[in-house]
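Any read-out appearing in this document is the output of simple, stated calculations on the displayed coordinates, not a laboratory observation. The shown structure was predicted, so the numbers you read here are calculated from the model rather than taken from an experiment. Note: ideal-geometry Cβ built from the backbone for every residue, glycine included; neighbour counts use all protein chains shown.
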Amino acid sequence: MLQKPESGALPIPQAEGQDGGRDGETQALTASQEEAPSPLLQESSREDLGAGREEGAAEPALTPKGARTLAAKALARRRAYRRLDRAVAELVQFLLVKDKKKSPITRSEMVKYVIGDLKDLFPEIIARAAEHLRYVFGFELKQLGRKHHTYILINKLKPLEEEEEEDLGGDDPRLGLLIMILGLIYMKGNSARETQVWEMLRRLGMRPSKYHFLFGYPKRLILEDFVQQRYLNYRQVPHTNPPECEFSWGPRSNLEISKMKVLGFVAKLHKKEPHHWPVQYREALADEADRARAKARAEASMRARARANQRAGIHPW
């Protein structure tokens, strides 16, 4: 499966022969990667942060005019955040398309074709795009030249499990997408409505039924490949009108993929430790203990069989 995310900020290495200093843009990029949590798998995180700052403060009485002003400001902030999210998703897709030609990508191209009048937010936008590229698609964004602000993508995707490499084709972006879906399911209490999965894809800049050059048709990939290969279960939710369907981990995922590794992946996206989610953390610990016991039983059985064969004069060669 996916490469284990490294701790700390995402590096933007210098090209060989350049000095070790960083310009303001590179410093801002690294700083924003260290501080800003990823929006992936989150719901209303910014509103939650705002609520945390207000917690414990006495609520002043608002006049009708003041309430309207406050509501208008909140709406403007939500629109600004949505626009920023959209710019990040569009930049990710732009970088992936440009990478197919294997030619360096310049800041001026990104501003001209994607970012536009949000160019003052370029460091934050490219930092978040770099996180998406690394954790979801397995690419590392590297800055080649500080003078001309040129970038390239390096494929860094490695599987979490040896078995996954064989079953899903090795260094394959589908592995990242599968882990994202499994993470969403796990954080939602081991099942996620179909609409929640499609919404996550949209936040990643994909439309479920529209062709994507890396994944083909994402909806078809999920419903046919992932479900048929038993990485995901897909069923109708009882007593829903209109009918709704949901996803859960399939038997293949339960056998091959550790919940602790998925929780660690989600924690890296949110820049937190796994125990930040106590319910999921306890479940992951129990899963690790079950896996350790199953492995110990299998090894004990193999040793017992080997001793029995030795006594019977049967050799493995």
Residue separation between residue 294 and residue 101 times 0.36 nm, minus their alpha-carbon distance, gives in nm 64.7 nm
Residue 199 versus residue 273, label points 7 Å from Cα toward the beta carbon: distance in nm? 3.1 nm
Please compute the length gained on full extension between residue 312 and residue 83, using 0.36 nm multiplied by the number of residues separating them and subtracting their Cα-Cα distance. 75.2 nm
Can you give the local net charge around residue 193? Use residues other than it whose beta-carbon is closer than 10 angstrom to its beta-carbon, Lys and Arg +1, Asp and Glu -1. -3
Over 28 Å (Cα to Cα) - which of 102/272; 101/259; 188/219 fall in this group: 102/272; 101/259
Based on the mean of other beta carbon atoms within 10 Å per residue, what is the order of 236-243, 254-261, 209-216, most packed first? 254-261, 209-216, 236-243
Return the FRET efficiency for the residue pair residue 65, residue 191: r is the Cβ-Cβ distance, R0 is 41 Å, and the value is rounded to the nearest 0.05. 0.35
Under 19 Å from a point 7 Å along the Cα-to-Cβ line of residue 76: which residues of the range 95-118 have their amide N that close? 117-118
By average C-beta atoms within 10 angstrom, highest first, the peptides 180-186, 124-130: 124-130, 180-186
How long is the gain from residue 230 to residue 213 if the chain were fully straight, where each residue apart is worth 0.36 nm and the alpha carbon distance is subtracted? 3.7 nm
What residues have an amide H closer than 5 Å to that of residue 212, excluding those fewer than 5 places away on the same chain, when H is modeled at 1.01 Å from N in the peptide plane? 217
Return the sequence-ordered ³J(HN,Hα) values of the range 113-130 in whole Hz as given by the Karplus equation 6.51 cos²θ - 1.76 cosθ + 1.60 applied to θ = phi - 60°, using x for Gly and Pro. 9, 10, 7, x, 6, 8, 4, 5, 9, 3, x, 5, 5, 6, 5, 5, 4, 4
